[in-house]
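Accompanying notes for the structure given below.
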Amino acid sequence: MKIYQLYRRQHLNLNSQQAWDFFSSPYNLNDITPEFFHVSIISKVPEKIYAGLMLHYEMKAVFGIPMSWLSEISHCNEPKRFIYEQRIGPFKFWSHEVCLTETQNGIVLEDIMFYVMPIGWIGQLINTVLVASKLERIFDNRHDYLESKWSLDYP
């Protein structure tokens, strides 16, 4: 079984509470992802996330085919970090940790993902040919969107 990791780090001109309010809301997913990854939230979502919250989405990540995804907020430490993990979906395993660290100039956003593809070597091949590049595009798009909205200008 091959475990893949994707890590991203970005400095943003937000305070901790602004960052938390934005990143902890599932309603902002479509703003920070490319059009091919359209997300529809199926379940009711409360104003604030909490550990144990289950979220049901439908997304069109591969060839426009709708895929159902059930995730759980497994850890929640407002306003510093949360982890959501796939319970039902296309991956054998998926965990995405969002860390928000306040600095003198704003916040540092860190995304730490671990995932495992299903169906052994065939899944590894699909990851190499399709999935890894799609995930890179999703997080490149996210970086560009956030940069345009809340970039920090360094001398």
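The values are calculated or read from the model by the stated rules, or taken from the named source; none is laboratory data. Source: prediction; values computed, not measured. Counting neighbours? That spans all protein chains shown, and the Cβs are built from the backbone with ideal geometry, glycine included.
Every residue, every condition in (1) exposed (fewer than 14 other Cβ atoms within 10 Å of the Cβ); (2) within 16 Å of GLU136 (Cα to Cα); (3) touching a strand residue (DSSP E or B) at 6+ places or on another chain (Cβ under 7 Å), yes or no:
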residue: LEU6; (1), (2), (3): no, yes, yes
residue: ASP21; (1), (2), (3): no, no, no
residue: PRO26; (1), (2), (3): no, no, yes
residue: ASP31; (1), (2), (3): yes, no, no
residue: ILE41; (1), (2), (3): no, no, yes
residue: LYS48; (1), (2), (3): yes, no, no
residue: TYR57; (1), (2), (3): no, no, yes
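Could you pull out the residue among ILE107, ILE112 that is modelled with pLDDT of 95 or more, more than 24 Å from PHE91 (Cβ to Cβ) and not aromatic (Phe, Trp, Tyr)?
Answer to the check: ILE107.
Can you tell me which residues in region 35-73 are modelled with pLDDT of 95 or more, under 14 Å from the mean Cα position of the chain (by Cα) and small (Gly, Ala, Ser)?
The one that is modelled with pLDDT of 95 or more, under 14 Å from the mean Cα position of the chain (by Cα) and small (Gly, Ala, Ser): SER71.
Looking at region 8-19, which of its residues are farther than 21 Å from ARG137 by Cα and of a type in the set (A, V, I, L, M, F, W, C)?
LEU14, ALA19
Is there any pair linking a residue in region 12-25 that is free of Cβ contacts under 8 Å to residues at least 12 places away in the same chain to one that is of a type in the set (S, T, N, Q), with Cβ under 8 Å and at least six apart or on different chains, and which?
These pairs meet every condition: PHE22/ASN28.
Hey, ASN141 hits all of (1) under 23 Å from ILE3 (Cα atoms); (2) surrounded by 13 or more Cβ atoms within 10 Å (Cβ to Cβ); (3) within 15 Å of the chain's Cα centre (by Cα) but one; which does it fall short on?
Every listed condition holds for ASN141 apart from (1).
Take the residues in region 108-124 that are under 13 Å from the mean Cα position of the chain (by Cα) and more than 23 Å from GLN17 (Cα to Cα), then tell me which one is surrounded by the most Cβ atoms within 10 Å (Cβ to Cβ).
Of everything passing the filter in region 108-124, TYR115 is surrounded by the most Cβ atoms within 10 Å (Cβ to Cβ).
Go through region 115-153 and report how many residues are of a type in the set (Ser, Thr, Tyr), in contact with a strand residue (DSSP E or B) (Cβ under 6 Å, 6 or more places away or on another chain) and in a helix (DSSP H, G or I).
Within region 115-153, residues that are of a type in the set (Ser, Thr, Tyr), in contact with a strand residue (DSSP E or B) (Cβ under 6 Å, 6 or more places away or on another chain) and in a helix (DSSP H, G or I) number 0.
So which of ASN105, ASN127, ASN77 ends up being farther than 20 Å from MET54 by Cα, surrounded by fewer than 16 Cβ atoms within 10 Å (Cβ to Cβ) and polar (S, T, N, Q)?
ASN105
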